[in-house]
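The block underneath contains the structure these notes are about, expressed in structure tokens.
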Amino acid sequence: MQSLEAELERARELDTADLADAIESIGFECTRCGACCKAEADDPHTATVFPDEVRDLQAATEYDWRDVARPMPYGLDDGESADTDDAEDDAETDESESETEPTGETFEWALQTDACGDCAFYEEADDGTGACSVHGDRPLICETYPFSVALGGTSQPMGEAVDEAGMVRAHECEGLGRDISREDAEELAAALKERAVRELAEAIAVRDEYAPADPDEGVVVHDSEGAKRPDGSAYEG
Ligand code: SF4
């Protein structure tokens with residue numbers, strides 16, 4: 001695999017007209033089904049959001065950091081007791097003794113979720129159509145769904161690609177295959193290129209900023225600005 005720096009160079013050289021051609025050939029119109037904003041089976045919605053995007057969403061909503069973003073869960077110990085059978089067998093077991101606070105190091109942030117595991121900003125109308133309550137300020141990953149580019153080090157949301165044209169991959173989405181105007185395809189292509197460049201620049205900065213944190217210090221999130229607590233404050237470890 002190419003180095004992140006080489007992939008970043010390739011991302012910067014992507015031709016948005018070629019990307020728009022690919023998007024047009026695949027076709028897309030959002031039906032507002034909400035599938036990309038909601039929990040999938042038992043898995044909560046997990047979409048990467050960059051630190052500056054968290055702050056943009058905070059500015060748009062006046063929410064706290066924690067209301068906008070949560071530590072990316074991968075690699076974290078959630079603190080729940082591993083031996084649940086024993087806990088169930090023992091009626092005397094005090095639940096508070098079998099659970100501890102989450103710990104571990106993780107990379108990047110995910111959009112915050114609600115009690116159902118759906119994106120915290122997802123709203124559903126009575127007729128079942130979905131809407132994003134921060135549509136004008138939504139992160140690049142949402143703006144460009146269901147597309148990604150075929151470059152190492154970029155995110156491939158919602159699993160494997162279901163369609164591909166040139167450098168563009170399309171992921172599971174019921175709006176694929178619908179006609180898209182050239183203007184909309186070009187707008188999407190520009191956002192897709194911007195996202196690829198951002199993701200790779202972010203990955204390089206995370207790698208360069210990384211310094212191991214104390215595993216007993218609770219959850220520490222490494223992003224392109226350094227290490228942070230789950231509330232977005234700097235980890236001084
Ligand atoms: S899965 Fe596709 S059609 Fe459904 S809301 Fe997301 S982008 Fe729109």
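Consider the range 4-58. How many of its residues are modelled with pLDDT under 95 and small (G, A, S)?
Residues that pass the stated criteria total 5.
Kindly establish whether V134 is open to solvent by less than 20 Å² (accessible area, probe 1.4 Å) and closer than 25 Å to L8 by Cα.
No.
All but one of (1) modelled with pLDDT of 95 or more; (2) part of a helix (DSSP H, G or I); (3) over 18 Å from A110 (Cβ atoms); (4) within 23 Å of the chain's Cα centre (by Cα) hold for R195; state the number of the condition that does not hold.
Status for R195: all satisfied but (3).
Using beta carbons and a limit of 9 Å, which pairs, at least six apart or on different chains, have the first residue in the range 17-35 and more than 15 Å from S148 (Cβ to Cβ) and the second one near the ligand (Cβ under 8 Å from one of its atoms) and among the hydroxyl-bearing types (S, T, Y)?
Listed pairs, sorted by first residue: C30/Y145.
Exactly one condition in (1) within 20 Å of L192 (Cβ to Cβ); (2) within 16 Å of the ligand (Cβ to nearest atom); (3) open to solvent by less than 60 Å² (accessible area, probe 1.4 Å) is false for C33; which is it?
Checking C33 against (1) within 20 Å of L192 (Cβ to Cβ); (2) within 16 Å of the ligand (Cβ to nearest atom); (3) open to solvent by less than 60 Å² (accessible area, probe 1.4 Å), the one that fails is (1).
This table checks each residue for (1) over 26 Å from Y235 (Cβ atoms); (2) buried (at least 19 other Cβ atoms within 10 Å of the Cβ); (3) among the polar types (S, T, N, Q); (4) out of contact with any helix residue (DSSP H, G or I) (no Cβ under 6 Å at 6 or more places or on another chain).
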residue: A165; (1), (2), (3), (4): yes, no, no, no
residue: G175; (1), (2), (3), (4): yes, no, no, yes
residue: A189; (1), (2), (3), (4): yes, yes, no, no
residue: E209; (1), (2), (3), (4): no, no, no, yes
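Out of all the residues in the range 107-166, which are out of contact with any Phe, Trp or Tyr (no Cβ under 7 Å at 6 or more places or on another chain) and of a type in the set (S, T, Y)?
T113, Y122, T129, T144, Y145, S148, T154, S155
So which residues in the range 146-175 are polar (S, T, N, Q), more than 19 Å from E13 (Cβ to Cβ) and either within 14 Å of the ligand (Cβ to nearest atom) or free of Cβ contacts under 8 Å to residues at least 40 places away in the same chain (or both)?
Once the filter is applied, which keeps residues that are polar (S, T, N, Q), more than 19 Å from E13 (Cβ to Cβ) and either within 14 Å of the ligand (Cβ to nearest atom) or free of Cβ contacts under 8 Å to residues at least 40 places away in the same chain (or both), the range 146-175 yields only Q156.
For the range 181-196, does any single residue satisfy the condition of being within 16 Å of the ligand (Cβ to nearest atom) and acidic (D, E)?
yes
Determine, yes or no, whether D214 is closer than 26 Å to T61 by Cα, at pLDDT below 95 and part of a loop (DSSP other than H, G, I, E, B).
The answer is no for D214.
The values are calculated or read from the model by the stated rules, or taken from the named source; none is laboratory data. Every value quoted in this text rests on a predicted model; they were computed, and no experiment measured them. Positions of Cβ are generated from backbone atoms using ideal geometry, with glycine treated the same way; all protein chains shown enter the neighbour counts. These area figures cover heavy atoms from the full protein model, side chains too; ligands, DNA and RNA do not enter into them. Shrake-Rupley method; radii C 1.70, N 1.55, O 1.52, S 1.80 Å.
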